[in-house]
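Peer 1: What follows is a structure written as structure tokens; I'll ask about it next.
The values are calculated or read from the model by the stated rules, or taken from the named source; none is laboratory data. It should be emphasised that the depicted structure is a prediction, and the values quoted were computed from it without experimental measurement. Every residue, glycine among them, receives a Cβ derived from its backbone with ideal geometry; neighbour counts consider all protein chains shown.
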Amino acid sequence: TKPVIATGAVRTGGGKSEASRRIVDELKALGLKVIAIRHPMPYGDLVKQAVQRFATIEDLKKHECTIEEMEEYEPHVVRKTIIYSGIDYEAILRSAEKENPDVILWDGGNNDFPFIKPDLMITMADAQRAGDEMSYYPGSTTLRIADVVVFNKIESADLYDLQLVRDNVAELNPNAVIMDACSPTFVDKPELIKGKKVLVVEEGPTVTHGGVQYSYGALTAMKYGAAELVDPKQYAVGKLKETFDHYPDLGPILPSMGYSAKQVADLEKTIKNTPCDLVLIATPIDINRLIKIKQPTVKIGYEMQEIGSPTFKDIITNFAKKHKLGNNKKISKK
């Protein structure tokens, strides 16, 4: 019964979460109330997880969230956005509607398509994995149904690969609105990186089943003059050693696998075992809160920024006008 905006991507790690945050920011700038619903992340007791509501950091503990779940929910919660997830999406949707939002945001997961029919579908394309938009299911479906396609991370993309993706998108979805974007990183203590042997901890899903050998963390370490990216493979223990065996092409980075208490413990021990001057944390949450790290740490963040036009402001303002949301005078001035 409420207008729905959905985000999706061709592959895991394409920038859905960053896009979702930008969408929420623009909706709130128009004075609109938005509630997010996240693609399911069923790692625990599925009966208990039927309907989950996250409004505070304490709710993450209450629902015994894994690292991967926290990486998705926490960025919304700290921005004071309520986010639902769970198993029973009929019940989840009805619970969200009872809170009387102006807009519901479907925050996509992996490269899956939304479970709720969207009024506006925004899909991330990724030139770092050029060609996958033609062959990966269901990611290719999210591209075909998109109203808006965002070419993200173009600042680090090969020009040939970027053009290949543009050509493929034009073939699969010629009517989509195209947006260019980049994802610059923000470092809390960049001066600590130069000349150091750095262990980079990247977001797990992006560099494992997402197929990216390295991501924001490694690029940032090199940008700020790290002497070496320390390869943790030989120091990995337990479940993380199994992860490296399963993904032998991973670069010199450590994926933040944390689907269970065992994996979290293995992550802590692997970091402890790895001889490095500095640990660069490139995960959406600060894992210092969850594990003990003896080495000095640097935390990076990343946010999506549009290049040229249209922008998210343009897209969301037009969406609000179309659905007659909020204060029409306020929106018309935007």
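Peer 1: Based on what the data block shows, is ILE122 among the β-branched types (Val, Ile, Thr), closer than 24 Å to ILE285 by Cβ, part of a helix (DSSP H, G or I) and in contact with a strand residue (DSSP E or B) (Cβ under 6 Å, 6 or more places away or on another chain)?
Peer 2: So ILE122 does not fit the description; no.
Peer 1: Look at region 57-88 and say how many of its residues are closer than 23 Å to ILE23 by Cα, in contact (Cβ under 8 Å) with a residue 40 or more places away in the chain and buried (at least 19 other Cβ atoms within 10 Å of the Cβ).
Peer 2: 13
Peer 1: Out of (1) closer than 22 Å to MET41 by Cβ; (2) surrounded by fewer than 20 Cβ atoms within 10 Å (Cβ to Cβ); (3) of a type in the set (S, T, N, Q), the odd one out for THR297 is which?
Peer 2: Unmet for THR297, out of (1) closer than 22 Å to MET41 by Cβ; (2) surrounded by fewer than 20 Cβ atoms within 10 Å (Cβ to Cβ); (3) of a type in the set (S, T, N, Q): (1).
Peer 1: Can you work out which of the residues in region 3-26 that are in contact with a helix residue (DSSP H, G or I) (Cβ under 7 Å, 6 or more places away or on another chain) and either charged (D, E, K, R) or without any contact (Cβ under 8 Å) to a residue 24 or more places away in the chain (or both) is nearest to THR123 (Cα to Cα)?
Peer 2: Top of the filtered list is ARG11.
Peer 1: Being free of Cβ contacts under 8 Å to residues at least 40 places away in the same chain and either touching a Gly at 6+ places or on another chain (Cβ under 9 Å) or in a loop (DSSP other than H, G, I, E, B) (or both) is the filter here, so list the residues in region 177-212 that pass it.
Peer 2: The answer is LYS194, GLY195.
Peer 1: Further question on the same structure: Has region 27-48 got any residue that is farther than 24 Å from ASN288 by Cα, in contact with a helix residue (DSSP H, G or I) (Cβ under 8 Å, 6 or more places away or on another chain), assigned to a helix (DSSP H, G or I) and not assigned by TED's automatic domain parsing to the domain that holds TYR214?
Peer 2: Scanning region 27-48 turns up at least one residue that is farther than 24 Å from ASN288 by Cα, in contact with a helix residue (DSSP H, G or I) (Cβ under 8 Å, 6 or more places away or on another chain), assigned to a helix (DSSP H, G or I) and not assigned by TED's automatic domain parsing to the domain that holds TYR214.
The rows are residues; the columns are (1) in contact with a strand residue (DSSP E or B) (Cβ under 6 Å, 6 or more places away or on another chain); (2) buried (at least 23 other Cβ atoms within 10 Å of the Cβ); (3) at pLDDT 95 or above.
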{"position": "THR1", "(1), (2), (3)": "no, no, no"}
{"position": "VAL4", "(1), (2), (3)": "yes, no, yes"}
{"position": "THR12", "(1), (2), (3)": "no, yes, no"}
{"position": "ARG22", "(1), (2), (3)": "no, yes, yes"}
{"position": "LEU27", "(1), (2), (3)": "yes, yes, yes"}
{"position": "LYS33", "(1), (2), (3)": "no, no, yes"}
{"position": "TYR43", "(1), (2), (3)": "no, no, no"}
{"position": "VAL51", "(1), (2), (3)": "yes, no, yes"}
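Peer 1: Given (1) over 14 Å from the mean Cα position of the chain (by Cα); (2) in a helix (DSSP H, G or I), where does ARG22 come up short, assuming only one miss?
Peer 2: (1) is the only condition that ARG22 fails.
Peer 1: Something else now. I'd like to check something: does region 89-107 contain any residue that is of a type in the set (A, V, I, L, M, F, W, C), surrounded by fewer than 21 Cβ atoms within 10 Å (Cβ to Cβ) and at pLDDT below 95?
Peer 2: For region 89-107, residues of a type in the set (A, V, I, L, M, F, W, C), surrounded by fewer than 21 Cβ atoms within 10 Å (Cβ to Cβ) and at pLDDT below 95: absent.
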